[in-house]
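Q: To start, I am sharing the structure in question, which I have written as structure tokens.
The values are calculated or read from the model by the stated rules, or taken from the named source; none is laboratory data. In this text, all values refer to a predicted model and were calculated from it rather than measured experimentally. Ideal geometry is used to build each Cβ from the backbone, glycine not excepted, and the neighbour counts take in all protein chains shown.
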Amino acid sequence: MKFTIDEFRAWQNKSITLLGMSGVGKTYLSMLLRDHNWFHYSGDYRIGTRYLDEPIMDLIKQQAMQITFLRDLLRRDWIRIRNNIKVHDLGPVLSFVGKLGDPERGGVPLDEFSRRQALYRQAEIAAMQDVPEFIRKAHEIYGYDNFVNDVGGSLCELDEPSVIGLLVQHSLILYIRVTEKAEEEALISRARSSPKPLYYRPEFLAEQLQQYLELRGLEYAAEVDPDDFCSWVFPRLFHSRVPRYEAIARPHGYTVTSHEVAAVRDEQDFLDLLENAIARNTDER
């Protein structure tokens, strides 16, 4: 959706989709807005509780079945295992996606990793397709005035135009861009010091994996150090995603910086941030 400032101010039930890399402040804003009568829709939480719940549980049970004591309890149906994902702790989703590489070092073999990546992509598409219905539920069932869609950092990787079209139709797209070199370096440094599972477009993964193998003198993905690959590939992933985010935000939404987001302290600050973004967009046209 596109607005003039007056139209935005008159928009009674606001719905905002936050777009950007993990770590730029999407969840920070979403959690802050929850305290001001905004419904917080977390894409990854929806993925973990609805669309990947069974695959996550299957993976956990598969691991538990390798332990004799737990195997007997599970087969006799004497214990239950449940997915206890939280909005602020998406560990089960991250554990399911996993890291490519040597299984002896906690990695996932390439074929299985690719299967999980495909499942995650379909789950993220499905979670975003649910947004219009949750906007309705937020207002009609739960009584929230406004709605914030906290999407995963990989939304720009899905190559699914219908998803972007749906979000544009039902929400204002706000892209949080990292503009300062120091902030970019800090984000990359955090990713390197604490590597996390990530989603990669298949073409990007194949290209980067081949480069990594050649650089490290390896022949097979099974030889890859999972944490080293995540640390090595993240800066390349970061820079590959920037033009993809901008290709969404430029025609369909508005752009703010992570520095501006860091200064937001309450709902009014957030609304002022949006109005400034709308004004900038108007001036640039």
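Q: For the stretch 84-121, which residues satisfy the criterion of being over 25 Å from Val224 (Cβ atoms) and either free of Cβ contacts under 8 Å to residues at least 40 places away in the same chain or under 13 Å from the mean Cα position of the chain (by Cα) (or both)?
A: Of the residues in the stretch 84-121, the ones over 25 Å from Val224 (Cβ atoms) are 84-89.
If the condition is that a residue be over 25 Å from Val224 (Cβ atoms) and either free of Cβ contacts under 8 Å to residues at least 40 places away in the same chain or under 13 Å from the mean Cα position of the chain (by Cα) (or both), then Asn84, Val87, His88, Asp89 are the ones that fit.
Q: On the basis of being in contact with an Asp or Glu (Cβ under 8 Å, 6 or more places away or on another chain), part of a loop (DSSP other than H, G, I, E, B) and either at pLDDT 95 or above or not basic (Lys, Arg) (or both), does Gly152 make the cut?
A: Yes; evaluated as a whole, the condition is true for this residue.
Residues checked against (1) closer than 15 Å to Tyr175 by Cβ; (2) in contact with a Lys or Arg (Cβ under 9 Å, 6 or more places away or on another chain); (3) of a type in the set (Ser, Thr, Tyr); (4) surrounded by 15 or more Cβ atoms within 10 Å (Cβ to Cβ):
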{"residue": "Met1", "(1), (2), (3), (4)": "yes, no, no, yes"}
{"residue": "Thr4", "(1), (2), (3), (4)": "no, no, yes, no"}
{"residue": "Glu7", "(1), (2), (3), (4)": "no, no, no, no"}
{"residue": "Asn13", "(1), (2), (3), (4)": "no, no, no, no"}
{"residue": "Leu19", "(1), (2), (3), (4)": "yes, yes, no, yes"}
{"residue": "Gly23", "(1), (2), (3), (4)": "yes, yes, no, yes"}
{"residue": "Leu29", "(1), (2), (3), (4)": "yes, no, no, yes"}
{"residue": "Asp35", "(1), (2), (3), (4)": "no, no, no, no"}
{"residue": "His40", "(1), (2), (3), (4)": "no, yes, no, yes"}
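Q: So, one more: Of all the residues that make up the stretch 146-163, how many are surrounded by fewer than 23 Cβ atoms within 10 Å (Cβ to Cβ) and among the β-branched types (Val, Ile, Thr)?
A: Total meeting the criteria: 1.
Q: Could you list, in sequence order, all residues of the stretch 77-91 that are at pLDDT 85 or above and in contact with a helix residue (DSSP H, G or I) (Cβ under 7 Å, 6 or more places away or on another chain)?
A: Within the stretch 77-91, Ile79, Ile81 meet the criteria.
Q: Please determine whether any residue of the stretch 63-76 is surrounded by fewer than 15 Cβ atoms within 10 Å (Cβ to Cβ), touching a residue at least 40 places away in the same chain (Cβ under 8 Å) and either part of a loop (DSSP other than H, G, I, E, B) or in contact with a His (Cβ under 6 Å, 6 or more places away or on another chain) (or both).
A: No, the stretch 63-76 contains no residue that is surrounded by fewer than 15 Cβ atoms within 10 Å (Cβ to Cβ), touching a residue at least 40 places away in the same chain (Cβ under 8 Å) and either part of a loop (DSSP other than H, G, I, E, B) or in contact with a His (Cβ under 6 Å, 6 or more places away or on another chain) (or both).
Q: Could you say which residue among Val148, Val97 is among the β-branched types (Val, Ile, Thr) and closer than 24 Å to His239 by Cβ?
A: Only one candidate qualifies: Val97.
Q: Restricting to the stretch 242-285, name every residue that is of a type in the set (Val, Ile, Thr), within 24 Å of the chain's Cα centre (by Cα) and in a helix (DSSP H, G or I).
A: Val242, Ile248, Val261
Q: Let me ask something else. Give the stretch 77-90 a look and list any residue that's surrounded by 13 or more Cβ atoms within 10 Å (Cβ to Cβ) and not aliphatic (A, V, I, L, M), or say none.
A: Listed by number, the list holds a single entry, Asn83.
Q: State which residue is nearest to Leu32 (Cα to Cα) when the search covers only the stretch 248-285 and only residues that are in contact (Cβ under 8 Å) with a residue 60 or more places away in the chain and small (Gly, Ala, Ser).
A: So, considering only residues that are in contact (Cβ under 8 Å) with a residue 60 or more places away in the chain and small (Gly, Ala, Ser), the one nearest to Leu32 (Cα to Cα) is Ala262.
Q: Could you list, in sequence order, the residues of the stretch 102-139 that are among the polar types (S, T, N, Q) and farther than 19 Å from Glu207 by Cα?
A: Looking only at the stretch 102-139, we keep the residues that are among the polar types (S, T, N, Q), and these are 114, 117, 122, 129.
Result: Gln122, Gln129.
Q: Do any residues in the stretch 1-14 that are more than 23 Å from Glu140 (Cβ to Cβ) and part of a helix (DSSP H, G or I) have Cβ atoms under 6 Å from those of residues that are of a type outside the set (A, V, I, L, M, F, W, C) and at pLDDT 95 or above, where the two are at least six apart or on different chains, and which pairs are they?
A: Ile5/Glu275
Q: Here is a further query. Which pairs do you get when a residue that is charged (D, E, K, R) and surrounded by fewer than 17 Cβ atoms within 10 Å (Cβ to Cβ), found in the stretch 164-184, comes within reach of a residue that is at pLDDT 95 or above and part of a strand (DSSP E or B), reach meaning Cβ atoms under 6 angstrom, with the pair 6+ apart or on two chains?
A: none
Q: For Val24, work out the one condition from (1) of a type in the set (A, V, I, L, M, F, W, C); (2) outside any loop (DSSP other than H, G, I, E, B); (3) within 30 Å of Cys230 (Cβ to Cβ); (4) touching a strand residue (DSSP E or B) at 6+ places or on another chain (Cβ under 7 Å) it doesn't fulfil.
A: Of everything listed in (1) of a type in the set (A, V, I, L, M, F, W, C); (2) outside any loop (DSSP other than H, G, I, E, B); (3) within 30 Å of Cys230 (Cβ to Cβ); (4) touching a strand residue (DSSP E or B) at 6+ places or on another chain (Cβ under 7 Å), Val24 misses just condition (2).
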